[in-house]
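Asks: Following this message is one structure expressed as structure tokens.
The values are calculated or read from the model by the stated rules, or taken from the named source; none is laboratory data. Since the structure is predicted, the reported quantities are computational estimates derived from the model, not experimental observations. Here the Cβ positions follow ideal geometry from the backbone for every residue, glycine too, while neighbour counts run over all protein chains shown. Just so you know, the surface numbers come from the protein's heavy atoms only, side chains and all, with ligands and any DNA or RNA stripped out. Shrake-Rupley method; radii C 1.70, N 1.55, O 1.52, S 1.80 Å.
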Amino acid sequence: MTQAVSVNPSTVLTLTLIALLASATALGDPVDWTTTGYDQGNVKHVKAPDLSREDVVNLVQESFMPLPPGRSGIHGVTHTPLTRLGVGYVVTNGFVVIAFDLRGGKLLWTLEIPRPGSTSTQVLRDQLGHVTNVKIVNIAGAEALAIGTPWQSVVLLDIYTGRLLATVDLLGGNERIEGNAGTYGGYPVNFAYDSKRSVLVVGSTSPDAPDAGRAFLMGFRLTQRGPERLWRTFLMPPQVSYDPSWSVEFVQSLRNAWIFDGSKAVDLKSLDRDSVQKLLYGDWSPADGERLRAGGMASWIGGWAVDEATGTVYLTVSQPLPSLDGRLRRGPNFPSSSVIAIESETGKVIWTFQAIPHDVYGYGCNTDVLLVGDMVVTACGNGYLYALDKGTGRLRWFLRPPSNRSDYKPPDPFNEGEMSRAFPSSSGVVILSPPPLSVFGLAADPDRGLIFYSLPLESKEVSSASRPELYLPDQADAILMAIDASTGQIRWSRTLKGEGIAFLTSVNDFLLALTYTGNLYVLESATGEPLLSRSNIGPAMAAPSLGTDVEGNLRIVLSMSSVNNPGYLLTLRPLRTLAQETVRTVVTITVQTTVSPESGAPQPSSQSVLLLIVSVLIMALALAVLVRERVLRRSRT
């Protein structure tokens, strides 16, 4: 039997005030961080009109969630945490997926992605690298968490339950890749998603060794029935039945092709046939004429950008493999260590910009790719920042940032000696700054025409016998710069002593910089002036993200962990929203005490009346303050 309920008049007043308070305190459009770089342009710039500087400099910690260690010895969460509809998502480097409530960090569900029982004989089963790219994708109206694995696949999980929806495999169990004599895997595959066309673009990865596989990209259409293969595009000649004319034909197929000589970009499409033949015929060939024993891969660190209006994916390509041995691959090794524009539906490469021809430094191009207006912006391992025309790949400008002592010299692609050398120096030892396999921080504010860039100010001795491994900038100084997107000129620069590197997120007109040593800085975007410095415990290797919880309150999510430290997740919130939630709690208590079962006329107690009066006064005061704050904020803008 249903019990009737009567509500006394004070409750009506209270509920009316709740409605007024909710309308005054509600934030703007909810923030969902669904891809590594926040949006398809990958710029990590968030517009949150109701998040003021006063809010950001008054952040309070709300939740703390320890992360499990990785079984393979690679720990932590090293991708930017995702948020969607009030839920946060992270994938540890042990491939444990965690979904949690942004309100207080309550665990909602978790699962461990199992290693496949059987894979192609061409796929390495070991894990060599960490996860840097996770996305939420829409497949015919259903949302899925997309995770790249080192087993040359992308796993798609239901975001609400973690249920496996599909697995996108680059190689079938018995499939042999055309012209391949090497091995794939070790590093998680990187990918981009064109949601307008439902096309997933994925790049192969390989171990940094002489048996590295033949690099390629693949396109898949994601449907409710499962993934459908569309195309495969190779990024190097066949290792078996080597074709010395492959690079020449690759350039001929492009709309635009560029190669950087250290001071300018040379237009390969403008060269006469003989010059192109001299430069590229026999490219990648071993010095002794044997079967090709070099490999490659698409970049595995950093997010790619998508222009859904044109169906174009902008991505980068890693260095030739093995990294520090040029004996096995004469020539520029086109298009390794490059930036590429490719059609998502066809796999046709539109243009290529090679930043480091015949890369024997182990640098490659493994940083975020950003779409800033009509430009593609990225950095390669040499620390150079490149701005390219997104339609043609033409070099707009480049920036060589400050560095410590370094023996790096940009290779000249037209110098045959440089295009056949085994190592940068005859002694077998060089000093490089930045060190190979460094991680950089990159973000942009397209509205203000600013690019934010951070890298470690550190030198490292590298030998031809060095084992390639991710560089962790312990105790190195971090350079942080704001760069004019139209000119490439540095607007401001700061050195963060001993901070290693800063991972960057742009919000409104300020910049969040989370350093490797775990400190969070909030800086004025235009000037670099500090607004807040907050110390945390433990290292960090990912940019901060933002998300709106189910009650409309904004959270900032930090991953305080690294590949050698499992660490924890930290959520922060503005002090103002905490006060609002306290008011709502008081209101809830008041409503509960003024609603009674139907048993005659309601008789509120003196305590409930007093509580009602207090709550009304609190809400009235809060409402007045919030209205005044909104008026002042709008008058300032």
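Asks: Among the residues of region 383-399, which ones are open to solvent by 10 Å² or more (accessible area, probe 1.4 Å) and not in a strand (DSSP E or B)?
Replies: 390, 391, 392, 394
Asks: Can you name the residue in region 469-489 that is aliphatic (A, V, I, L, M) and within 17 Å of residue 403 (Cα to Cα) and is also most open to solvent (accessible area, probe 1.4 Å) among such residues?
Replies: It comes out as 472.
Asks: Inside region 490-502, can you point out the residues that are assigned to a strand (DSSP E or B) and open to solvent by 10 Å² or more (accessible area, probe 1.4 Å)? Before the answer, list the steps.
Replies: Quick first cut of region 490-502, residues assigned to a strand (DSSP E or B) only: 490-496, 502.
If the condition is that a residue be assigned to a strand (DSSP E or B) and open to solvent by 10 Å² or more (accessible area, probe 1.4 Å), then 490, 491, 492, 493, 494, 495, 496 are the ones that fit.
Asks: For region 551-562, check the following and say yes or no: at least one residue is touching a residue at least 60 places away in the same chain (Cβ under 8 Å), touching a Phe, Trp or Tyr at 6+ places or on another chain (Cβ under 7 Å) and either within 20 Å of residue 453 (Cβ to Cβ) or in a loop (DSSP other than H, G, I, E, B) (or both).
Replies: No, the conditions are met nowhere in region 551-562.
Asks: Starting from residues that are among the small types (Gly, Ala, Ser) and either closer than 12 Å to residue 157 by Cβ or open to solvent by less than 10 Å² (accessible area, probe 1.4 Å) (or both), keep the ones in region 85-119 and report whichever is farthest from the chain's Cα centre (by Cα).
Replies: Within region 85-119, the match that is farthest from the chain's Cα centre (by Cα) is 86.
Asks: Name the single residue that is nearest to the chain's Cα centre (by Cα) among those in region 462-505 being more than 27 Å from residue 534 (Cα to Cα) and at pLDDT 95 or above.
Replies: 485
Asks: Now for a different question. Where residues in region 509-546 are modelled with pLDDT of 95 or more and among the polar types (S, T, N, Q), which of them is nearest to residue 557 (Cα to Cα)?
Replies: Ranking the qualifying residues of region 509-546, first place goes to 545.
Asks: Specify the residue that is surrounded by the fewest Cβ atoms within 10 Å (Cβ to Cβ); the eligible residues are those in region 526-564 that are more than 20 Å from residue 102 (Cα to Cα) and within 20 Å of the chain's Cα centre (by Cα).
Replies: Here is the first cut: in region 526-564, the ones more than 20 Å from residue 102 (Cα to Cα) are 526-535, 537-539, 541, 562-564.
In the following step, the residues that additionally are within 20 Å of the chain's Cα centre (by Cα) were identified as 539, 541, 562-564.
On the way: 539: 23, 541: 27, 562: 24, 563: 19, 564: 15.
Looking at residues that are more than 20 Å from residue 102 (Cα to Cα) and within 20 Å of the chain's Cα centre (by Cα), I get 564.
Asks: Among all residue pairs at least 6 apart or on different chains, which show Cβ distances below 7 Å where the first residue, located in region 146-163, is at pLDDT below 95 and of a type in the set (Phe, Trp, Tyr) and the second is outside any strand (DSSP E or B) and open to solvent by less than 10 Å² (accessible area, probe 1.4 Å)?
Replies: Pairs found: none.
Asks: OK, next. Only one residue in 53, 115, 125 is of a type in the set (Lys, Arg) and farther than 24 Å from residue 167 by Cβ, so which one is that?
Replies: Just one listed residue meets the conditions, 53.
Asks: Within region 296-305, does at least one residue satisfy the condition of being out of contact with any helix residue (DSSP H, G or I) (no Cβ under 7 Å at 6 or more places or on another chain), at pLDDT 95 or above and surrounded by fewer than 20 Cβ atoms within 10 Å (Cβ to Cβ)?
Replies: No - not one qualifying residue is present in region 296-305.
Asks: Of (1) in a strand (DSSP E or B); (2) open to solvent by 10 Å² or more (accessible area, probe 1.4 Å); (3) among the hydrophobic types (A, V, I, L, M, F, W, C), residue 276 satisfies all except one. Which?
Replies: (1)
Asks: Against the conditions (1) touching a Ser or Thr at 6+ places or on another chain (Cβ under 8 Å); (2) crowded, with 22+ Cβ neighbours inside 10 Å; (3) touching a residue at least 60 places away in the same chain (Cβ under 8 Å), where does residue 509 fall short? Just the number, please.
Replies: Among (1) touching a Ser or Thr at 6+ places or on another chain (Cβ under 8 Å); (2) crowded, with 22+ Cβ neighbours inside 10 Å; (3) touching a residue at least 60 places away in the same chain (Cβ under 8 Å), residue 509 violates only (2).
Asks: What are the pairs with Cβ atoms under 7 angstrom where one residue, in region 109-120, is in contact (Cβ under 8 Å) with a residue 40 or more places away in the chain and the other, located anywhere, is open to solvent by 80 Å² or more (accessible area, probe 1.4 Å)? Sequence gap at least six, or different chains.
Replies: From region 109-120, the pairs are 109/161; 119/125.
Asks: Starting from residues that are surrounded by 24 or more Cβ atoms within 10 Å (Cβ to Cβ) and in contact with a Leu (Cβ under 7 Å, 6 or more places away or on another chain), keep the ones in region 343-359 and report whichever is nearest to residue 452 (Cα to Cα).
Replies: Restricting to residues being surrounded by 24 or more Cβ atoms within 10 Å (Cβ to Cβ) and in contact with a Leu (Cβ under 7 Å, 6 or more places away or on another chain), the top hit is 353.
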